[in-house]
Ligand code: PFF
């Protein structure tokens, strides 16, 4: 069977941005900005994006395109010791990421449906405050989110994933721009803006802030050695990897930046604290919407934007697992998507039932395992795999389709600097407890 490829350059970029832009941008980024001192987080983030993030995207796409495979095939073909097993570990990570992600998508659908049918007062934001309070009724909403994801993935690369992203990604930007305009017109907008845009110098120079910014960036760009490798494997030889990497990196960051512009003026304007952490958008924001004129409509637009962002990312997670099954077995795409989607649902069920593991709520536990403990290793392995294939070969490979001359420094940067940086953050985060 010939391998599918993206239909168009525009479709590929919409899809790459679709994967990158997700809960990481609209949920996690504002929470990090809130807890890490506003602009003190934003500045390191942008510096790291330019110096590391763009290279990370080029590494993962190149690896995928050169090996024509996802992590299992790519790490194996590159000749990494235990490559195949590390690839399987990468797939397992995406499986767990999808498990916790789908729970949050369930929350979003539930909020949306409550708002549409019962108004803002039907949103029980208090429930979100305790992660134990995931109710069994939530299972149905989560299931709806998983079913939408399965549907898109089962339609295939061009007709499912690319088509959905071609629609959802531009609509997401339009919704976010409307919401930003609304926030910037709120009374007392300056307080929120100065928190967001003026750095707290002490935090700016704290290594912890830089580390958090770096792991946030890898997650946000979907660079865990999995999704972007698979997406790269569907890229035609003539496509321009470096320019696509720059557009994707900035397209992703623009959404995170807009999310901050939407949230902080609103939070300050209605007298709430920005340091609420994970509950910022699920518990605080509904209260803000309740006080805001036209808040119901703004709330619906906001959660709709979040849902679009979430689904285009969850599609990329399921695709990683589906691609792996399809490349190693004769199972069809549709069957693989349904089977894996249902398995993800089962794996996330303990969270809905309030289970705890190692003293942590199950939900926090799977986030920890997937994003802190194993996730960053995928990024590291992708860089090592490309180095093993040969950095000169890789350089020639991306240069062939590129419309710009890639600086030669890309080679030592991708081969040494980038993996060393990943290793340092990884160890730091482990020692400091994530
Ligand atoms: N980048 C997505 C976000 O910011 O929400 C999450 C994600 C998708 C992470 C795909 C990793 C991945 F492979």
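Filtering 176, 172, 224 for residues that are over 27 Å from residue 95 (Cα atoms) and within 16 Å of the ligand (Cβ to nearest atom) leaves a single hit, 176. Does residue 288 meet the test of being part of a helix (DSSP H, G or I), free of Cβ contacts under 8 Å to residues at least 24 places away in the same chain and either more than 16 Å from the ligand (Cβ to nearest atom) or surrounded by fewer than 24 Cβ atoms within 10 Å (Cβ to Cβ) (or both)? Criteria met by residue 288. Remark: residue 347 falls outside the filter, which requires a residue to be over 16 Å from the mean Cα position of the chain (by Cα), assigned to a helix (DSSP H, G or I) and within 16 Å of the ligand (Cβ to nearest atom).
In region 398-414, the qualifying residues are those that are over 21 Å from residue 72 (Cα atoms) and not in a loop (DSSP other than H, G, I, E, B), and the one that is farthest from the chain's Cα centre (by Cα) is 400. So for region 207-229 (the condition being surrounded by fewer than 17 Cβ atoms within 10 Å (Cβ to Cβ) and touching a helix residue (DSSP H, G or I) at 6+ places or on another chain (Cβ under 9 Å)), does at least one residue qualify? So far as region 207-229 goes, yes, one or more of its residues are surrounded by fewer than 17 Cβ atoms within 10 Å (Cβ to Cβ) and touching a helix residue (DSSP H, G or I) at 6+ places or on another chain (Cβ under 9 Å). Selection over region 373-391 of residues that are in contact with a helix residue (DSSP H, G or I) (Cβ under 6 Å, 6 or more places away or on another chain), away from the ligand (no atom under 13 Å from the Cβ) and either in a loop (DSSP other than H, G, I, E, B) or within 18 Å of residue 428 (Cβ to Cβ) (or both) gives a count of 2. Note on region 183-210: among residues that are outside any helix (DSSP H, G or I) and over 30 Å from residue 291 (Cα atoms), the one that is farthest from the ligand (Cβ to nearest atom) is 205. For region 327-343, the set of residues classified as assigned to a helix (DSSP H, G or I) and modelled with pLDDT of 95 or more consists of 333, 334, 335, 336, 337, 338, 339, 340, 341, 342, 343, listed by residue number. Contact annotation: residue pairs with Cβ atoms under 6 Å, 6 or more positions apart or on different chains, pairing a residue in region 211-240 that is more than 27 Å from residue 429 (Cα to Cα) and part of a loop (DSSP other than H, G, I, E, B) with a partner that is more than 9 Å from the ligand (Cβ to nearest atom) and modelled with pLDDT of 95 or more, are 235/65.
When restricted to residues that are touching a residue at least 60 places away in the same chain (Cβ under 8 Å), more than 22 Å from residue 156 (Cβ to Cβ) and assigned to a helix (DSSP H, G or I), region 291-308 contains 12. Yes or no: residue 246 at pLDDT 95 or above, part of a helix (DSSP H, G or I), within 16 Å of the ligand (Cβ to nearest atom) and within 25 Å of residue 54 (Cα to Cα)? No; evaluated as a whole, the condition is false for this residue. Looking at region 342-373, which of the residues that are in contact (Cβ under 8 Å) with a residue 24 or more places away in the chain and in contact with a strand residue (DSSP E or B) (Cβ under 8 Å, 6 or more places away or on another chain) is surrounded by the fewest Cβ atoms within 10 Å (Cβ to Cβ)? Restricting to residues being in contact (Cβ under 8 Å) with a residue 24 or more places away in the chain and in contact with a strand residue (DSSP E or B) (Cβ under 8 Å, 6 or more places away or on another chain), the top hit is 354.
The values are calculated or read from the model by the stated rules, or taken from the named source; none is laboratory data. Quantities reported herein were computed from a predicted structural model and do not represent experimental measurements. Note: ideal-geometry Cβ built from the backbone for every residue, glycine included; neighbour counts use all protein chains shown.
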